[in-house]
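Colleague: Below is one structure. I have some questions about it.
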Amino acid sequence: MGLLEFNIKSEDGKARTGLLKLKRGVVNTPELMPVATKATVKALSSDDLNELGAQILISNTYHLMLQPNADVIFELGGLNKFMNWDKPLVTDSGGFQAFSLGFGKEHAVGKIFFPDESHSLSKPRGKSIVHLNDKGIRFRSIYDNSRQFLSPEKSIRIQEKLDADMILVLDECTSPLSSKKYTAESLERTNKWAKKCLEVHKTNQAIIGIVQGGHWEDLREKSARYIASLDFDSYAIGGSLGKSKKDMHNVLDWVIPHLPENKTRHLLGIGVVEDIFESVERGVDLFDCVSPTRMARSGFAHVRPPNGTKKNKYRIKLSSIKYRTDKKPLDPNCKCKICNNYSRAYIHHLLKTEELLGFNLISFHNVYFMIQLMKEIRDAIDTGVYQKIKKEWLI
């Protein structure tokens, strides 16, 4: 199997810290991976990420197989060398794009569906460019509209060429609005793909199995038991997480008891502050989320509570006119170099004039914020005060 060792360091309830040893280094867990979708964390260089203390990144197989393509990256020495990143790296399988370019477009939803009056199921917001069957995923390239096909075997071969430390099996991420019948059929397909990925995988990369099953208890438990029965190096929890945060918590409560204690658990695509606290409390070790840099590109900066808005106590919108002459740093309680050197007024100006530096500064701060939060969480678990820290953050 792949080159991976995981040792639990300390526990506070079900929350735990650990050391994940990979071929390119050691990762302290729990940890949130910044997302380097196209071999870059948007607006940040590898030097920035090293300065920030990022331990591990995750990149997107779907995008990299199309641009520049896996053969080019392989010829250039692999993804780590290509992007000048010498620490651990994960690649996803491309399976999430079966959802985001399929049901995600048709249903206009994400991994969790929050019903509201503006959402009408009778008026889909997009057209799927995906056709999926038991052999794999057929789709149109978002770059040149060319026809593409991704099978379990092809996904593994591409990820082997990219040469990340950890790779994910190909799976289907169903929609929160998918029926139980469809989700059950999809689960059987995902399980077959997981086994096929394991069979064809030949390198010393760690390989991660993915639990699916939507927001149905029996399907999630069925998936968790089956995936755990296969000899994966690590396990991930993916797919639809229901129609509320409570549904997501239920999924974790159903799944985690069936996963091995001595292997890492990765909650795919989740990284909001309150979700991290609730998930770590249930025994999750790894997260990934585009939120810190995506928020930055929309002009939002993370702040520690209670300095945010009433709607969201963890962020402020710097393009708001009220920050036009604000001399304070982004977050008065932050020690990052952005908060030490730039005012809210200056970054407001950069956003209003569409200067690219503004995205770099907020992105740096937001990633720093999340990395420091994960360090604080690890320290709290190590010292047995996790519930105290959680209460301070989630007030």
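Colleague: Looking for something at pLDDT 95 or above, small (Gly, Ala, Ser) and crowded, with 18+ Cβ neighbours inside 10 Å - is there at least one such residue anywhere in the range 315-326?
Modeller: Looking through the range 315-326, none of the residues is at pLDDT 95 or above, small (Gly, Ala, Ser) and crowded, with 18+ Cβ neighbours inside 10 Å.
Colleague: Do you know which of the residues in the range 245-293 that are of a type in the set (Ser, Thr, Tyr) and within 25 Å of residue 363 (Cβ to Cβ) is surrounded by the fewest Cβ atoms within 10 Å (Cβ to Cβ)?
Modeller: 291
Colleague: Further question: Taking the range 141-178 only, how many residues are among the polar types (S, T, N, Q) and either at pLDDT 95 or above or outside any loop (DSSP other than H, G, I, E, B) (or both)?
Modeller: 4
Colleague: Which pairs have Cβ atoms under 7 Å, sit 6 or more apart or on different chains, and link a residue in the range 248-267 that is free of Cβ contacts under 8 Å to residues at least 60 places away in the same chain and of a type in the set (Lys, Arg) to one that is surrounded by 19 or more Cβ atoms within 10 Å (Cβ to Cβ) and assigned to a helix (DSSP H, G or I)?
Modeller: 265/256
Colleague: For a quick check of your reading: which helices (runs of 4 or more DSSP H) sit entirely within the range 1-88 and have at least 1 residues that are at pLDDT 95 or above and within 20 Å of the chain's Cα centre (by Cα)?
Modeller: Correct list: 46-52, 61-66, 79-82.
Colleague: Identify the single condition in (1) at pLDDT 95 or above; (2) of a type in the set (A, V, I, L, M); (3) not in a loop (DSSP other than H, G, I, E, B) that residue 98 does not satisfy, given that it satisfies every other one.
Modeller: (1)
Colleague: Of all the strands (runs of 3 or more DSSP E) wholly in the range 252-336, which have at least 1 residues that are under 28 Å from residue 92 (Cβ atoms) and aliphatic (A, V, I, L, M)?
Modeller: Once the strands (runs of 3 or more DSSP E) in the range 252-336 are filtered for at least 1 residues that are under 28 Å from residue 92 (Cβ atoms) and aliphatic (A, V, I, L, M), what remains is 265-267, 286-289, 300-302.
So that you can scan it fast, the table gives a plain yes or no per residue for (1) in the same structural domain as residue 157 (by TED's automatic domain parsing); (2) surrounded by fewer than 24 Cβ atoms within 10 Å (Cβ to Cβ); (3) over 20 Å from residue 109 (Cα atoms):
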| residue | (1), (2), (3) |
| --- | --- |
| 170 | yes, no, yes |
| 173 | yes, no, no |
| 177 | yes, yes, no |
| 180 | yes, yes, no |
| 194 | yes, no, yes |
| 201 | yes, yes, yes |
| 205 | yes, no, yes |
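Colleague: Within the bounds of the range 46-67, is there any residue that is touching a His at 6+ places or on another chain (Cβ under 9 Å) and not β-branched (Val, Ile, Thr)?
Modeller: no
Colleague: Among the residues in the range 319-335, are any on the phi < 0 side of the Ramachandran plot, touching a residue at least 60 places away in the same chain (Cβ under 8 Å) and basic (Lys, Arg)?
Modeller: no
Colleague: I've got another one for you. Out of the residues in the range 142-168 that are surrounded by fewer than 23 Cβ atoms within 10 Å (Cβ to Cβ) and of a type in the set (Gly, Ala, Ser), which is nearest to residue 101 (Cα to Cα)?
Modeller: 146
Colleague: Turning to a different aspect of this structure: Which residue pairs have Cβ atoms under 6 Å apart, sit 6 or more places apart or on different chains, and have a first residue in the range 382-395 that is on the phi > 0 side of the Ramachandran plot and a second that is modelled with pLDDT of 95 or more and not aromatic (Phe, Trp, Tyr)?
Modeller: Listed by first residue and then by second, the contacts come to 384/12.
Colleague: Is one or more of the residues making up the range 297-312 touching a residue at least 12 places away in the same chain (Cβ under 8 Å), buried (at least 20 other Cβ atoms within 10 Å of the Cβ), basic (Lys, Arg) and touching an Asp or Glu at 6+ places or on another chain (Cβ under 7 Å)?
Modeller: no
The values are calculated or read from the model by the stated rules, or taken from the named source; none is laboratory data. Bear in mind that the values here come from a model prediction, so they are computed numbers and not experimental data. Cβ atoms come from the backbone with ideal geometry, glycine included; neighbour counts cover every protein chain shown.
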